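Step one of this worksheet: look at the structure below.
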Amino acid sequence: MKRLGFEPNEVTYTLLIDVLSRALKHKEAMEIYDEMKRADCMPTLQTYTVLIRSLASAGRLDDAKKLFKKMPSSGLKPNVVTYTVMMHVLSKAGETDKVIEVYNQMKEAKVKPTRVTLKVLAKSLRRAGMSDEADALSASMPYVGLSEEEVMVISTPAEKAVHDIMMSNFAKKQHSEPVLAHFQT
C-alpha cells in the first residue's frame, strides 16, 4: 500500500490489526498498533475493541484491562460492542466479579445492553454458580430492545404465563428447540 503511494488511515490500520489478531499473530498486530501511533494516526473505538480482544486472546488479559481503562483518557467512550467484548474476555478468564463490574459501568454510562451482552453476563453468572441470577437475566432477554408498547403485547395474563413457561424451559435447557417447536405448531 505504502509502495503505491497510499498512506494508511485509522480504518486501514484497524482492519490490519483485526486480520492479524484473528490469524493469531498478536505480536504483529501490536506492532501495527505501535506503527499506527508513530504515524500520528489516532486509534478509534473500533481499534481499541479489536486490540482488547487480541490482547486477551494472546493471554495478555492485564494489558487488555489497562487498554480498556485507558480509553476515556484517549477521548473515547466504550460502546456496547466494546463493553461486551471486555465482558466476554473477562468471563472466559473466570472473572465474574469483573464482568459484573464492567456491566455496571456500562449501565452507569447509560449504554444499553444487547441480547449478546446479556448472554455473556448470564453465561458468566452460570459459570460462577449463580444459576438463579442467570435464569432471571435470561428471562428478561426477550424484552431487550423492545419498546414499552411492544412488551405490552405479550402482557395479558395468559400470554405472559405461556411466555414465562417457554422462557424458563429455554433458560434451564440452554437450547431453543422446544420454544421454536411451540411457535411453529
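Throughout, read-outs are computed from the coordinates displayed, never taken from laboratory work. Model, not experiment: these values are computed from the prediction. Reconstructed Cβ throughout: ideal geometry from the backbone, glycine too, with neighbour counts over all protein chains shown.
Structure data summary
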{"item": "nm² value of the averaged projected area, convex hull over the Cα atoms of the range 92-145", "result": "3.5 nm²"}
{"item": "Nonlocal amide H pairs with L76, under 5 Å, H built at 1.01 Å", "result": "none"}
{"item": "Integer Hz, Karplus 6.51/-1.76/1.60 couplings in order for the range 74-90, x for Gly and Pro", "result": "8, x, 10, 9, x, 9, 4, 5, 4, 4, 5, 4, 4, 4, 4, 5, 5"}
{"item": "Length released on extending from E7 to S74, taking residue separation times 0.36 nm less the Cα-Cα span", "result": "21.8 nm"}
{"item": "Relative pair counts by distance (%), Cα atoms of the range 23-150, 10 Å bins", "result": "12, 41, 30, 14, 4, 0"}
{"item": "³J(HN,Hα) computed for each position of the range 112-127 - Karplus, 6.51 cos²θ - 1.76 cosθ + 1.60, integer Hz, glycine/proline x", "result": "7, x, 9, 4, 4, 4, 5, 5, 4, 4, 4, 5, 5, 4, 4, 4"}
{"item": "In Hz, Karplus ³J(HN,Hα) per residue of the range 91-96 (6.51, -1.76, 1.60; θ = phi - 60°; x = Gly, Pro)", "result": "4, 4, 7, x, 9, 4"}
{"item": "Lys, Arg +1 and Asp, Glu -1 on Cβ, resulting dipole of the range 1-77 about Cα centre, debye, nearest 20", "result": "240 debye"}
{"item": "Alpha-carbon radius of gyration plus Dmax, which is the widest Cα pair, for the range 29-101 in Å", "result": "12.1, 38"}
{"item": "Over 24 Å (Cα to Cα) - which of K37/K107; K27/K65; K25/K98; K25/K77; K69/K107 fall in this group", "result": "K37/K107; K25/K98; K25/K77"}
